[in-house]
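Quick note: the coordinates plus some simple rules give every number you see, no bench work behind them. Predicted model only: the values in this text are computed from it and were never measured.
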């Protein structure tokens, strides 16, 4: 009688969590480090995590056939860390509680590679997508925080100039004293770094509201264009879509627009059109072109995206002034992918006035289908480099934008 042979039992082992393509063990540690504070991991516990994970096989994070494991005893880890074994136990307990490691030990608590007992990292690897999303959120918040700090700094510079002129015109009236007292209560620049994003958002909004109210008070005081508001950015009821050039500039020297690929500006002259003096907003000698630039004319040179931010500022202020353009430029930075450090570098090298014009020019060229900008941030940094070599030509760029707008209309 034929007895059928039993088929061998096929054993299926669960596939262990692995890192996504392109990420290695060290990159994973850097990712956890970036989100550690938000996860509640203290600096000391994170150092213990790094020490343990450094004792694993890098290949185990990619294969999926074995789970990365640290077989070092708590005493060995403590020796490497230069702390007591008691501290390592505390750190491991915290890491287990936060879902970063899993401990599998023998009955006596021993760890051994032969018995497969130790500290395993599969739980953390399985959360890599969560950590990536959290890192992106933290980076977005960090950039928003930097942008808000920059806007608050702009409000501070602007309001300081307004107060100087208000005191000169009105003396210490009750309203001026109220504004000055509120201004004096603003937190320092260092204190801004310690504020939560929500608190900073509220403070920046209050700072802008105080600056707007002071600007309105100064405007009511004067029947002439305000020195602090920059005479070249004047209040006007002219239609913002009409941008006639009121400057007698020879435009024949501006070359015809062609499609080109640029990684930085191609300036053709040295111009320092605007500057700050003694920490107070004051007009310097500016070219006739800049002096005659009206608010609506400059608005007409902007991209549609920049105009949206300017329209918001116009609605909030009841008019556009030079400060509106500075704030709108700062709000365009993240949309252009420009890192806050590029703006800070531009402000340091060019002062805030010219830095704003550089962003306006960069933004307008990014929006121009006839010009290819590989990197808006790189282009802005290129303008800063051109300034340092004495080859930045703001006037030429603005005239070029004006000429392109004329041809399109």
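Numbers below:
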| item | result |
| --- | --- |
| For the stretch 53-168: relative contact order, % (alpha-carbon pairs under 8 angstrom, 6 or more apart) | 20 |
| Estimated D of the stretch 309-409 in µm² per second, where Rh is the Kirkwood radius over Cα pairs and Stokes-Einstein applies at 37 °C, 0.692 mPa s | 232 |
| Cα centroid separation, the stretch 54-97 to the stretch 321-397 (Å) | 48 |
| Cα-derived Rg over Rh, computed across the stretch 326-379 with Rh taken as Kirkwood radius | 0.94 |
| Relative intensity, log₁₀ I(q)/I(0), of the stretch 139-228 from a Debye sum that treats every alpha carbon as a point, q = 0.15, 0.19, 0.20, 0.24 Å⁻¹ | -0.58, -0.83, -0.89, -1.14 |
| Contact order relative to length of the stretch 287-361, as percent, for alpha carbon pairs under 8 angstrom and 6 or more apart | 28 |
| Taking the C-alpha atoms of the stretch 52-209, convex hull volume expressed per residue in Å³ | 165 |
| Rule-of-thumb Rg ratio for the stretch 25-126 [Cα; 2.2 N^0.38 Å; N residues] | 1.00 |
| Separation between Cα centres of the stretch 294-312 and the stretch 174-195, rounded to whole Å | 30 |
